[in-house]
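> Can you read through this structure? Questions will come right after.
The values are calculated or read from the model by the stated rules, or taken from the named source; none is laboratory data. Treat the numbers as computed from the prediction; the structure is a model and nothing was measured. So basically every Cβ, Gly included, is an ideal-geometry build from the backbone, and we count neighbours across all protein chains shown. Quick note on the areas: whole protein, heavy atoms, side chains included, nothing else; ligands and nucleic acids left out. Shrake-Rupley method; radii C 1.70, N 1.55, O 1.52, S 1.80 Å.
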Amino acid sequence: MINDFSPLWISLKIAFFASLITLVLGVAAARLVCKTEKAKHFLDGLFTLPMVLPPTVTGFFLLILFGKNSPLGRALGKAGINVVFSAAGAVIAAAVVAFPLMYRSARGAFEQLDPDYIACARTLGMKESKIFFRVILPNTRPGLLSGVVLSFARSMGEFGATTLLAGNIPGRTQTMALAVYSAVQNNHKEAAMRWSLIIVVISFLAIFLMNRTMKRYQGTEVFSGALFRADKSKRSKAEEEP
Amino acid sequence: MSLEVQIKKQLGRFALDIAFEHEAGVLGLLGESGCGKSITLKCIAGIMQPDAGRIVLNDRVLFDSGQKINLPPQARKVGYLFQDYVLFPNMTAAENIRSGMRGTRAEKKARCKSLLSDFYLEGEEDKYPAQLSGGQKQRVALARMLAADPELILLDEPFSALDHFLKMQLSPGMHRLFERFEGSILYVSHNREEIREFCDDVVVLENGRPVEQLDIQTLFSHPRQLSSAKLIGITDFLRLEKRADGRFGIAAWDTVLAEHLAVPEDACCIGLRPGAFTLEKPQNTALSQEAEYLGYRRKGRRSGLFFALPAAEREAGGKAVIQAEIEAPAGEEEKYKAGERRRLYLAEEDLLLLEK
């Protein structure tokens, strides 16, 4: 029986903050890659790397970057922020590993958006920032949403980079994935099974709900008014009119 | 109101090299698909960048490759009506119209209201584009374009690929635009009927180059260029040649043009409109030719009499028999026997001398 539910809350908290960070950074990175021509392939490779590298390698680099011997680690230490072996480290590790999923989803969504929307908005005199928030973001919602869900699920399941950077401290950095590892090592098969099942259920639910939402988007027309609180029966009538 | 355009752009093997000026009213750009009409509009709007050239609108330089001026689309004050309107799907009709407006909230609201009523959109303001009919979408796009206060409006094939019924739905919006907008308009189309209906002047384009610029009446009555004549629907062309005595004649016929006609030195052929030939000799005959009666077809209370003119060299190369159809009252056909030879006349005002 599980008495201590802290790994569940820690996992959810880490996954929540990690996907929030990847959302902002992933969208920014996708915009950057869509806009640049010269360094496109280089940047794309760089941003996708954490997806294909072994998480332990990612974790190792993060450990060096944030460790006591690096300039960044020292600067943060002086400011009283300690990343290594802390919950913040777990969030950073999860965010870095999940980042490529968000970046790639966002990039795909931006590239699928008809460039005429942006060209038209420009001829109407809309500022670039307004175009981004009022035209690009709302009309790429399905793609961005799927990126968020995927990175949330990936953050929940993060193990390798998290162990290296944040360690496996019960009550502080021990997520469910780490709890399974500890339970197996200590021969608590039952606890390992329970945590595993909880992870399966949460991850499956996330993907399932995402697919259902996406289907609603695609059911009619991806960018139809249906998305934006319009009445379905009215719309189909309007479409029948020539 | 003035627009001065002079641009060059290389796109793969296609080279656009166009220059024209426009003072006021609606200027049509007429040409086959792929002749560079849309690229020209995109360069003027700032969506595409020309390789070289200069675009000046009402004394404001929008683009000048020499001075390295290239205003962003936002600063150009050029409205662009896209072929499929590209209304923002996440905004209602009213939000779409307000999207490019400047001013306070109250000003925007009032302006939007008057545009909605101008374009017959009252009651549709809260609908999303997916809920609007084709005609309504077009009118929202037109209202949205006017809301941004453009000095010049570009219309890119606004009626392309639409059947007649849909065109009827879209015409009111277009006429309303011409009524409400006082600046210049560029109208791109490959359809001569649309150009005739909506434009004051025309630039005829061919393979990325302007062929000629003239007013709409002249284009349809007396085009000077062969490609203009083709675009207004003339299909029969006879090649001209200069005879030894210095007079012009139809190649492969023994006919020469009337002596008093001023034929431009580089005239290459004459264009034949349907019904250009007559049986009676007109006062000012430009040319005449003997033809053979073939037969007739009944059209209502009239008959179309068919005559075969001798094989002539076509402009495109090769020889072909030219058929002339002459309309006459029904029953007239009984006066002719198949194989009978008659002289056909072409009046001076029906003679289209074309240059290449």
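> For segment A:36-79: of the residues being of a type in the set (Val, Ile, Thr) and over 14 Å from A:Phe159 (Cα atoms), which is surrounded by the fewest Cβ atoms within 10 Å (Cβ to Cβ)?
Selected residue: A:Val52.
> When you scan segment A:176-242 for helices (runs of 4 or more DSSP H) that lie fully inside it, which ones turn up with 1 or more residues that are modelled with pLDDT under 50?
Where helices (runs of 4 or more DSSP H) fall fully within segment A:176-242 and carry at least 1 residues being modelled with pLDDT under 50, they are A:189-219, A:232-240.
> Looking for whichever is more than 11 Å from chain A (Cβ to nearest Cβ), open to solvent by less than 30 Å² (accessible area, probe 1.4 Å) and not in a helix (DSSP H, G or I) here; the options are B:Leu121, B:Leu177. Which one fits? First the steps, then the outcome.
On the way: B:Leu177 fails: not in a helix (DSSP H, G or I).
Within the list B:Leu121, B:Leu177, the selection yields B:Leu121.
> Also, I was wondering about something else. If B:Gly28 passes every condition in (1) at pLDDT below 90; (2) in contact with an Asp or Glu (Cβ under 8 Å, 6 or more places away or on another chain); (3) not aliphatic (A, V, I, L, M) but one, which one does it miss?
Only one criterion is unmet by B:Gly28, namely (1).
> Next up: Taking B:Asp126 as meeting all but one of (1) within 11 Å of chain A (Cβ to nearest Cβ); (2) in contact with a Leu (Cβ under 9 Å, 6 or more places away or on another chain), write down the number of the exception.
Status for B:Asp126: all satisfied but (2).
> Yes or no: segment A:109-121 includes at least one residue that is part of a helix (DSSP H, G or I) and away from chain B (no Cβ under 14 Å).
yes
> What is the residue count in segment B:48-100 for residues that are under 24 Å from B:Asp126 (Cβ atoms) and open to solvent by 50 Å² or more (accessible area, probe 1.4 Å)?
Residues meeting the conditions: 3.
> Right, here's the next one. Quick test of your reading of the structure: B:Glu259 fulfils all but one of (1) modelled with pLDDT under 85; (2) closer than 24 Å to B:Lys230 by Cβ. Name the failing condition by number.
Among (1) modelled with pLDDT under 85; (2) closer than 24 Å to B:Lys230 by Cβ, B:Glu259 violates only (2).
> Working only within segment B:254-282, note down all residues that are touching a residue at least 60 places away in the same chain (Cβ under 8 Å) and open to solvent by 100 Å² or more (accessible area, probe 1.4 Å).
Once the filter is applied, which keeps residues that are touching a residue at least 60 places away in the same chain (Cβ under 8 Å) and open to solvent by 100 Å² or more (accessible area, probe 1.4 Å), segment B:254-282 yields B:Glu280, B:Lys281.
> Does segment B:208-225 contain any residue that is buried (at least 21 other Cβ atoms within 10 Å of the Cβ), farther than 20 Å from B:Ile39 by Cβ and more than 11 Å from the chain's Cα centre (by Cα)?
Checked against the condition, which is being buried (at least 21 other Cβ atoms within 10 Å of the Cβ), farther than 20 Å from B:Ile39 by Cβ and more than 11 Å from the chain's Cα centre (by Cα), segment B:208-225 yields at least one hit.
Yes or no, residue by residue, for (1) of a type in the set (S, T, N, Q); (2) free of Cβ contacts under 8 Å to residues at least 60 places away in the same chain:
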residue	(1), (2)
B:Leu177	no, yes
B:Val188	no, no
B:Asn207	yes, no
B:Gln225	yes, no
B:Gly249	no, yes
B:Ala252	no, no
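> Scan segment B:78-96 for residues that are over 14 Å from A:Asp116 (Cβ atoms) and in a loop (DSSP other than H, G, I, E, B) and jot them down.
Residues satisfying the conditions are B:Asn90, B:Met91, B:Thr92.
> Within segment B:187-202, which residues are more than 8 Å from the chain's Cα centre (by Cα), in a helix (DSSP H, G or I) and of a type in the set (D, E, K, R)?
B:Glu197
> From B:Glu157, B:Glu194, which residue is surrounded by 17 or more Cβ atoms within 10 Å (Cβ to Cβ) and on the phi > 0 side of the Ramachandran plot?
Values: B:Glu194 fails: on the phi > 0 side of the Ramachandran plot.
Residue meeting the stated conditions: B:Glu157.
> Take the conditions under 28 Å from A:Ile202 (Cα atoms), out of contact with any Leu (no Cβ under 8 Å at 6 or more places or on another chain) and crowded, with 17+ Cβ neighbours inside 10 Å and apply them to A:Ile92. Does it pass? It would help to see each step written out before you state the result.
On the way: under 28 Å from A:Ile202 (Cα atoms): yes; out of contact with any Leu (no Cβ under 8 Å at 6 or more places or on another chain): no; crowded, with 17+ Cβ neighbours inside 10 Å: yes.
Considered against the rule, which asks whether it is under 28 Å from A:Ile202 (Cα atoms), out of contact with any Leu (no Cβ under 8 Å at 6 or more places or on another chain) and crowded, with 17+ Cβ neighbours inside 10 Å, A:Ile92 comes out as no.
> Among the residues of segment B:5-15, which ones are open to solvent by less than 70 Å² (accessible area, probe 1.4 Å) and either touching an Asp or Glu at 6+ places or on another chain (Cβ under 9 Å) or modelled with pLDDT of 95 or more (or both)?
Passing the criteria: B:Val5, B:Ile7, B:Lys9.
> For segment B:26-47, name all the residues that are over 12 Å from the mean Cα position of the chain (by Cα) and either within 14 Å of chain A (Cβ to nearest Cβ) or open to solvent by less than 10 Å² (accessible area, probe 1.4 Å) (or both).
Answer for segment B:26-47, where residues must be over 12 Å from the mean Cα position of the chain (by Cα) and either within 14 Å of chain A (Cβ to nearest Cβ) or open to solvent by less than 10 Å² (accessible area, probe 1.4 Å) (or both): B:Cys35, B:Gly36, B:Ser38, B:Ile39, B:Thr40, B:Leu41, B:Lys42, B:Cys43, B:Ile44, B:Ala45, B:Gly46, B:Ile47.
> Looking for something closer than 30 Å to B:Gly331 by Cβ and either assigned to a loop (DSSP other than H, G, I, E, B) or touching a Leu at 6+ places or on another chain (Cβ under 8 Å) (or both) - is there at least one such residue anywhere in segment B:261-273?
Checked against the condition, which is being closer than 30 Å to B:Gly331 by Cβ and either assigned to a loop (DSSP other than H, G, I, E, B) or touching a Leu at 6+ places or on another chain (Cβ under 8 Å) (or both), segment B:261-273 yields at least one hit.
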